[in-house]
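Trainee: Supplied in structure tokens, the structure appears directly below.
The values are calculated or read from the model by the stated rules, or taken from the named source; none is laboratory data. Predicted model, so just to flag it, every value in this text is computed and none were measured. Using ideal geometry, Cβ is built from the backbone for each residue, glycine included, and neighbour counts are taken over all protein chains shown.
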Amino acid sequence: MDDAPRAAEASAPAARGTERLFDAASPGASKSPLVVVDDLHVSFERGGQQVNALRGVSFELQPGEILGLVGESGSGKSVLALTLLGLLPERPRPVITGSALVSGTDMVTANREQARLVRKQHLGAVFQDPMTSLNPTMRIGKQVIEAAGSTQEAVRLLDAVGLPDPASRLRSYPHELSGGLRQRVMIAMAVADSPALVIADEPTTALDVTVQAQILELLGTLRDELGTSFILVTHDLGVAAQVADRIAVLYGGRLAEVGPSADLFGAPLHPYATGLLRSRLVLRTDRSRPIVTLPGEPPDPRNHPPGCPFSPRCEHHSGECDVALPPLETVTATGEIAPSPAGSAMHQVACVRLGRFSTGHAAAIDERAEPWGPVASASRGRNPAVLVHGVHKRFTIGTGLRKKHLLALRGVDLSLNEGEAIALVGESGCGKSTLLRSIAGLQMVDEGEIEFGKGGRPQMVFQDAGASLTPWLTVGEQIGERLRSEGLRRQPRDARVLEALTLVGLPAEVAKARPAQLSGGQRQRVALARATVVPPEVLLCDEPTSALDVSLAATVLNLIGRLRRELGVAILFVTHDLAAARMVGDRIAVMYLGRIVEIGDADELCSAPIHPYTKALLDTVPEVGRVHVRLKGEPANPIDPPNGCAFHPRCPSAEPTCATSPVSLDPVEGASGRRVACPIALRLRTPITGDLNTAGVMSARDDSGRR
Amino acid sequence: MIKFVVKRLLSMVVILLMLTAIVFLLQKLSHINPAHAYLGANASQAAVNRETHILGYDRPFIAQYFHYVSGLLRGNLEVSLRTRHPVSTDIVAFLPATVELAVSGLFLAMVLGAVFGLISAARFRGAGAFRMLLMSFASAPVFLLSLLGILVLSGNLHWLPGTGDTSYTNAPTGPTGIIVIDGLVHGQFAVAWDGVWHLILPALVVALGPAVSIGRVLRGSLEASMLSDFARTARAKGLKERTVVLHHALRNSVSAALSMTGLQVGLMFAGVVVVETIFAWPGIGLYVDQSIPQADFPAIAGVTLVLGVGYVIINAIVDILQAVVDPRVALV
């Protein structure tokens, strides 16, 4: 290291390397808070308009505490994280008022050098995308040593965060590691020099679900061992609830609700927190009716309402909500406003109408939504709309001696019936998107056949709706393009475009807009309108909701459900989220390394999984204060899939034969249409008894009683 | 790596074949009889016809081309119609001075470009003034800059020499032909220093334009790198801004600047011909400048080939450097 002050700093605070256990039971009982944020406002100008990102946020964080900071896009959560780090971009120049004390230094008034020293001595940071957050041209070792000070310490840290064989990994470049390992390297750098606080901004969002659980578990372990505080910024209330002691929900640049994780995840009081939790899909969500969603769009930070920022979307809204910004008030266990503020462990809510509506249990099935009608084409019989038979697809990587084959699909059979919806579930590299693109005709398969029913080409909706729309064409032109072959005149064509927009719930004006003028949710609706303006036989959806906010994702899932029923299209829906798969699919197919390992009725598969991998995926569904880590490691590399059952290296119930004998997708006795590629699980399986269809949709009230 | 070298050699062959074809086409289109130029304006028609036949210019165009290419394979670049020496001998004599000028010009362009890119991206003090100065010089054409340099720095101020590559008539002539190196090899440091002194002005003139292009590309990618996620990670570690720029952002930004350097080499070769003529620099630029009015097509073709080879080699080096800088880049 050539940084001169390093020597002086190294002797500074932390008892480096010693694993002092921290008494997590009474966080900060006698200590002064580590972070004190008081009436923090941050605004800046973008495109000539004033963006008010934070509008009076106050909270405290105790040493050794994990605070989950939850919010959707536009809530200001990332701005808050960057303000605490003193890393807000200088252009556009932010206007900051209030204070944000970190270890005694106010990051609002600190000059560059002071803020840098606070980051060096007291702070660590983990960012969302481990692919871009590490320097691609610098070896891992050098990057960790920059933070750790010595090679020895770097190896110790990498070992502590669970990087296998850390000493030899020092010479690796980031692109040679998987996403989960890269995030472990980021965490090693963040906890180097034992910082008092680590700010983790969506640290698990870009990772696979099984890896996400491992990373969350690691954060909890590091807190217990080092006594480091964490601020865990996330859009997912469930992720926060697993490891955080307290959760703060941000909305429109203000705190809507702050309280202990169990309270917030179990019984939130603010209508926004309640709605957020309700649109969060769990395996108990009722599939027979649309998901209860928050109406409207996330707040526009350029144009906040005068009163409660949530009031335009709030079902309990009344005139008094719009008078002034609601203050954050402490509530008692019975849900009443307490007279005096009492400590940071209290439950605080910013809602002037609190107590005048019933908050109820958030996870309760909302009976107000009308159940789905029947699928339009169900009466058309059970002819296959798509028949996939023995499909193999490989990609060639590298050249010459280093040429390798990535086996994306290794023999897939699938039959999608007319009007049916199948959800394909799996982690990155499992081949689910490759299968979808092959069916769409976007690439040729190497082996096997894909046949279609009587319908024409399938239509496809992509993950990134913004990138899949042409930026310089208006929405109307892009939807109308698909009508060109019908030789319609302008007027009837415009009418058809309008009809398609109405069907996806967009106003007529959108036809004249260009994609950049729309929000993420609106763009995904436009993509759906474009796909369905000429109703296809089959609609292919490639993770259409994974880039959207929780509340918007639910509305898009509902929209797909409605389009399916009104237009009678068959749907193939790719996702990494089993709960979303269960909402959309009649059947679910679980994929692992290019093969289907389990397929069957959505409810049956979720309530009584047979394949160990399906069980592991189901285990990733969050619970308060607990992280399930059922699977070690990460999905194997499709370049060189393991022999026998490809899952055996990670499988908790693997036997020696799994590594050698090939597995086939065999039918399950007593369950029609169910197939599982695991002879051991099939042998050990206890016969299914009782009515499986109701097992999966057990009333949440019964379920919650047991919690 | 072997595949990379083979690929580049093949592409060089294709480029050279195309270049010679173009030179031959130009000769055909120009309606100049090189034999006439060879014999002089007063030669009789009979003598011209005889010489035309001896030199082979009366044969079909394609036959001439194949004759030239087959000679090329044996290292025969034919005889210059002007100097009456084999073109290969002439090129060996004139090339070292050009290599000296081009390499130092390229080096200077990269240094100036790097400084320009760095200080304007990192907003160091004085960046604006430096940028103004560089931009205004680079916007002037090469010949104007050359004249300005010769008149002001050499003529009026007598700071720098304005012609040739040495002031010594008895300078050593071997082994490289590059005055600065030969001076050092023979222990004549005064000669070497005098060579450097002669080099400054023409190299600077050659370098200014490419330096601005390289610098602008570098600044653009540096600015992007400094807003990148990994730069944010580096800042979050509490590293100094200087460390963030030099250790993290710079290496991730030179790739685009290297591509631009490769592109600029072609333009620089064109600039070298003009600059050598103005500064009376004894390189192949001066040689070809004197060959063109005499319709000395063998000489023109030979110089064209040499420049083509230089272009391919420098771009291959650029590709290798890119792979060195960025571990994710594979040589193909």
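Trainee: For the range B:216-233: of the residues being surrounded by fewer than 18 Cβ atoms within 10 Å (Cβ to Cβ) and free of Cβ contacts under 8 Å to residues at least 12 places away in the same chain, which is nearest to the other protein chains (Cβ to nearest Cβ)?
Mentor: This residue is B:229.
Trainee: A follow-up question, please. Check B:319, B:296, B:326 and return the single one that is modelled with pLDDT under 90 and within 14 Å of chain A (Cβ to nearest Cβ). Show your work before the answer.
Mentor: On the way: B:319 fails: within 14 Å of chain A (Cβ to nearest Cβ); B:296 fails: within 14 Å of chain A (Cβ to nearest Cβ).
Being modelled with pLDDT under 90 and within 14 Å of chain A (Cβ to nearest Cβ) holds for just one of B:319, B:296, B:326, which is B:326.
Trainee: Considering B:107, B:124, B:130, which residue is outside any loop (DSSP other than H, G, I, E, B), in the same structural domain as residue B:242 (by TED's automatic domain parsing), surrounded by 13 or more Cβ atoms within 10 Å (Cβ to Cβ) and hydrophobic (A, V, I, L, M, F, W, C)?
Mentor: It is B:130.
Trainee: Still on this model: What residue, of A:482, A:493, A:457, is under 19 Å from residue A:541 (Cα atoms) and either modelled with pLDDT of 90 or more or not in a loop (DSSP other than H, G, I, E, B) (or both)?
Mentor: Numbers: A:493 fails: under 19 Å from residue A:541 (Cα atoms); A:457 fails: either modelled with pLDDT of 90 or more or not in a loop (DSSP other than H, G, I, E, B) (or both).
Step by step, each of A:482, A:493, A:457 is checked, and only A:482 is under 19 Å from residue A:541 (Cα atoms) and either modelled with pLDDT of 90 or more or not in a loop (DSSP other than H, G, I, E, B) (or both).
Trainee: Right, another one. It is to be established whether one or more residues within the range B:273-284 are of a type in the set (S, T, N, Q), within 14 Å of chain A (Cβ to nearest Cβ) and without any contact (Cβ under 8 Å) to a residue 40 or more places away in the chain.
Mentor: Residues of the range B:273-284 of a type in the set (S, T, N, Q): B:277.
Right, trim to within 14 Å of chain A (Cβ to nearest Cβ) and you get none.
Among the residues of the range B:273-284, not one is of a type in the set (S, T, N, Q), within 14 Å of chain A (Cβ to nearest Cβ) and without any contact (Cβ under 8 Å) to a residue 40 or more places away in the chain, which makes the answer no.
Trainee: Within the range A:131-169, restricting attention to residues that are within 9 Å of another protein chain (Cβ to nearest Cβ) and assigned to a helix (DSSP H, G or I), which residue is farthest from residue A:199 (Cα to Cα)? Step through it out loud before you land on a result.
Mentor: Taking the range A:131-169 and keeping what is within 9 Å of another protein chain (Cβ to nearest Cβ), we get A:131-139, A:142-143, A:146-147.
Those still in the list that are assigned to a helix (DSSP H, G or I) too: A:131-133, A:142-143, A:146-147.
On the way: A:131: 18, A:132: 17, A:133: 14, A:142: 22, A:143: 18, A:146: 18, A:147: 15 Å.
Checked the range A:131-169; the qualifying residue farthest from residue A:199 (Cα to Cα) is A:142.
Trainee: How about the range B:158-187: which of its residues are crowded, with 17+ Cβ neighbours inside 10 Å, free of Cβ contacts under 8 Å to residues at least 60 places away in the same chain and part of a loop (DSSP other than H, G, I, E, B)?
Mentor: Across the range B:158-187, the qualifying residues are B:160, B:161, B:166, B:171, B:172.
Trainee: Same structure, new question: Taking the range B:19-48, which residues are more than 19 Å from residue B:301 (Cα to Cα) and either exposed (fewer than 12 other Cβ atoms within 10 Å of the Cβ) or touching a residue at least 12 places away in the same chain (Cβ under 8 Å) (or both)?
Mentor: Keep residues of the range B:19-48 that are more than 19 Å from residue B:301 (Cα to Cα), which gives B:39-48.
Correct list: B:39, B:40, B:41, B:42, B:44, B:45, B:46, B:48.
Trainee: Exactly one condition in (1) surrounded by 14 or more Cβ atoms within 10 Å (Cβ to Cβ); (2) outside the structural domain of residue B:296 (by TED's automatic domain parsing) is false for residue B:63; which is it?
Mentor: So residue B:63 meets the others, but not (1).
Trainee: Out of (1) under 17 Å from residue B:219 (Cα atoms); (2) at pLDDT 85 or above; (3) among the hydrophobic types (A, V, I, L, M, F, W, C), the odd one out for residue B:138 is which?
Mentor: For residue B:138, the failing item is (2).
Trainee: Being assigned to a strand (DSSP E or B) and within 14 Å of chain B (Cβ to nearest Cβ) is true for just one of A:53, A:110, A:125, A:115. Which residue is that? Write out each step before concluding.
Mentor: Values: A:53 fails: within 14 Å of chain B (Cβ to nearest Cβ); A:110 fails: assigned to a strand (DSSP E or B); A:115 fails: assigned to a strand (DSSP E or B).
Going through A:53, A:110, A:125, A:115 in turn, the sole match is A:125.
Trainee: Just wondering, is there one or more residues in the range B:87-102 that are within 27 Å of residue B:214 (Cβ to Cβ), among the polar types (S, T, N, Q) and either in contact with a helix residue (DSSP H, G or I) (Cβ under 6 Å, 6 or more places away or on another chain) or not in a helix (DSSP H, G or I) (or both)? It would help to see each step written out before you state the result.
Mentor: Residues of the range B:87-102 that are within 27 Å of residue B:214 (Cβ to Cβ), as a first pass: B:95-102.
From the residues that got through so far, the ones that are among the polar types (S, T, N, Q) too are B:98.
From what's left, either in contact with a helix residue (DSSP H, G or I) (Cβ under 6 Å, 6 or more places away or on another chain) or not in a helix (DSSP H, G or I) (or both): B:98.
Looking for residues that are within 27 Å of residue B:214 (Cβ to Cβ), among the polar types (S, T, N, Q) and either in contact with a helix residue (DSSP H, G or I) (Cβ under 6 Å, 6 or more places away or on another chain) or not in a helix (DSSP H, G or I) (or both), one finds at least one in the range B:87-102, hence yes.
Conditions (1) more than 29 Å from residue B:311 (Cα to Cα); (2) among the hydroxyl-bearing types (Ser, Thr, Tyr); (3) away from chain A (no Cβ under 14 Å); (4) in a helix (DSSP H, G or I), marked per residue:
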site	(1), (2), (3), (4)
B:235	yes, no, no, yes
B:238	yes, no, no, no
B:242	yes, no, no, yes
B:246	yes, no, no, yes
B:252	no, no, no, yes
B:255	no, yes, no, yes
B:258	no, no, no, yes
B:267	no, no, yes, yes
B:271	no, no, yes, yes
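Trainee: I'd like to know if the range B:266-286 contains one or more residues that are outside the structural domain of residue B:28 (by TED's automatic domain parsing), charged (D, E, K, R) and out of contact with any Gly (no Cβ under 7 Å at 6 or more places or on another chain). Explain how you work it out, then say what you get.
Mentor: Applying the first criterion (outside the structural domain of residue B:28 (by TED's automatic domain parsing)) to the range B:266-286 yields B:266-286.
When the remaining residues are screened for being charged (D, E, K, R), the result is B:276.
Right, trim to out of contact with any Gly (no Cβ under 7 Å at 6 or more places or on another chain) and you get none.
No: zero hits.
Trainee: Considering (1) crowded, with 24+ Cβ neighbours inside 10 Å; (2) within 18 Å of the chain's Cα centre (by Cα), say which one residue A:230 fails and leave the rest.
Mentor: Result: residue A:230 passes all but (2).
Trainee: When you look at residue B:84, is it closer than 15 Å to residue B:298 by Cα, modelled with pLDDT of 85 or more and of a type in the set (Lys, Arg), yes or no? Break it down into steps so the answer makes sense when it comes.
Mentor: Values: closer than 15 Å to residue B:298 by Cα: yes; modelled with pLDDT of 85 or more: yes; of a type in the set (Lys, Arg): yes.
The answer is yes for residue B:84.
Trainee: On the basis of being in a helix (DSSP H, G or I) and hydrophobic (A, V, I, L, M, F, W, C), does residue A:506 make the cut?
Mentor: On the way: in a helix (DSSP H, G or I): no; hydrophobic (A, V, I, L, M, F, W, C): yes.
So residue A:506 fails the test.
Trainee: Taking residue A:273 as the residue in question, decide whether it is surrounded by fewer than 21 Cβ atoms within 10 Å (Cβ to Cβ) and either at pLDDT 85 or above or touching a strand residue (DSSP E or B) at 6+ places or on another chain (Cβ under 7 Å) (or both).
Mentor: Numbers: surrounded by fewer than 21 Cβ atoms within 10 Å (Cβ to Cβ): no; either at pLDDT 85 or above or touching a strand residue (DSSP E or B) at 6+ places or on another chain (Cβ under 7 Å) (or both): yes.
No.
Trainee: Give me the pairs, please: first residue somewhere in the range B:112-139 and on the phi > 0 side of the Ramachandran plot, second residue anywhere and among the hydrophobic types (A, V, I, L, M, F, W, C) and surrounded by 14 or more Cβ atoms within 10 Å (Cβ to Cβ), beta-carbon distance under 8 Å, and either six or more positions apart or on two chains.
Mentor: B:126/B:119
Trainee: Exactly one condition in (1) within 30 Å of residue A:121 (Cα to Cα); (2) under 27 Å from the mean Cα position of the chain (by Cα) is not met by residue B:183; state its number.
Mentor: Going through the list (1) within 30 Å of residue A:121 (Cα to Cα); (2) under 27 Å from the mean Cα position of the chain (by Cα), residue B:183 breaks only (1).
Trainee: Still on this structure, please answer the following. Conditions: (1) facing chain B (nearest Cβ under 9 Å); (2) in contact (Cβ under 8 Å) with a residue 24 or more places away in the chain; (3) under 20 Å from residue A:301 (Cβ atoms); (4) not β-branched (Val, Ile, Thr). Residue A:81 meets all but one. Number of the miss?
Mentor: With (1) facing chain B (nearest Cβ under 9 Å); (2) in contact (Cβ under 8 Å) with a residue 24 or more places away in the chain; (3) under 20 Å from residue A:301 (Cβ atoms); (4) not β-branched (Val, Ile, Thr) applied to residue A:81, the lone miss is (1).
Trainee: Criterion first (farther than 19 Å from residue A:234 by Cα, among the basic types (Lys, Arg) and at pLDDT below 90) does residue A:91 satisfy it?
Mentor: Yes: the conditions hold for residue A:91.
Trainee: Starting from the range A:414-427, take each residue that is in a strand (DSSP E or B) and list its partners that are among the aromatic types (Phe, Trp, Tyr), counting only C-beta distances under 9 angstrom and pairs at least six apart or across chains.
Mentor: A:421/A:573; A:422/A:573; A:423/A:573; A:424/A:573
Trainee: Could you look through the range B:138-157, keep only residues that are exposed (fewer than 14 other Cβ atoms within 10 Å of the Cβ) and part of a helix (DSSP H, G or I), and pick out the one that is farthest from the chain's Cα centre (by Cα)?
Mentor: Step one: list which residues in the range B:138-157 are exposed (fewer than 14 other Cβ atoms within 10 Å of the Cβ), which gives B:139, B:141, B:144, B:148, B:151-152, B:155-157.
Imposing the further condition that a residue be part of a helix (DSSP H, G or I) reduces the set to B:144, B:148, B:151-152, B:155-156.
Values: B:144: 19, B:148: 21, B:151: 24, B:152: 25, B:155: 26, B:156: 29 Å.
The residue in question is B:156.
Trainee: Run down A:622, A:635, A:641, A:612 and say which single residue is of a type outside the set (Lys, Arg), in contact (Cβ under 8 Å) with a residue 24 or more places away in the chain and touching a Pro at 6+ places or on another chain (Cβ under 7 Å). Lay out the reasoning, then the answer.
Mentor: Working: A:622 fails: touching a Pro at 6+ places or on another chain (Cβ under 7 Å); A:635 fails: touching a Pro at 6+ places or on another chain (Cβ under 7 Å); A:641 fails: touching a Pro at 6+ places or on another chain (Cβ under 7 Å).
None of the other options fit; the residue is A:612.
Trainee: Mind telling me which of the residues A:280, A:313, A:284 ends up being modelled with pLDDT of 85 or more and farther than 24 Å from residue A:40 by Cα? Quick ask: steps written out before the conclusion?
Mentor: Details: A:280 fails: modelled with pLDDT of 85 or more; A:284 fails: modelled with pLDDT of 85 or more.
None of the other options fit; the residue is A:313.
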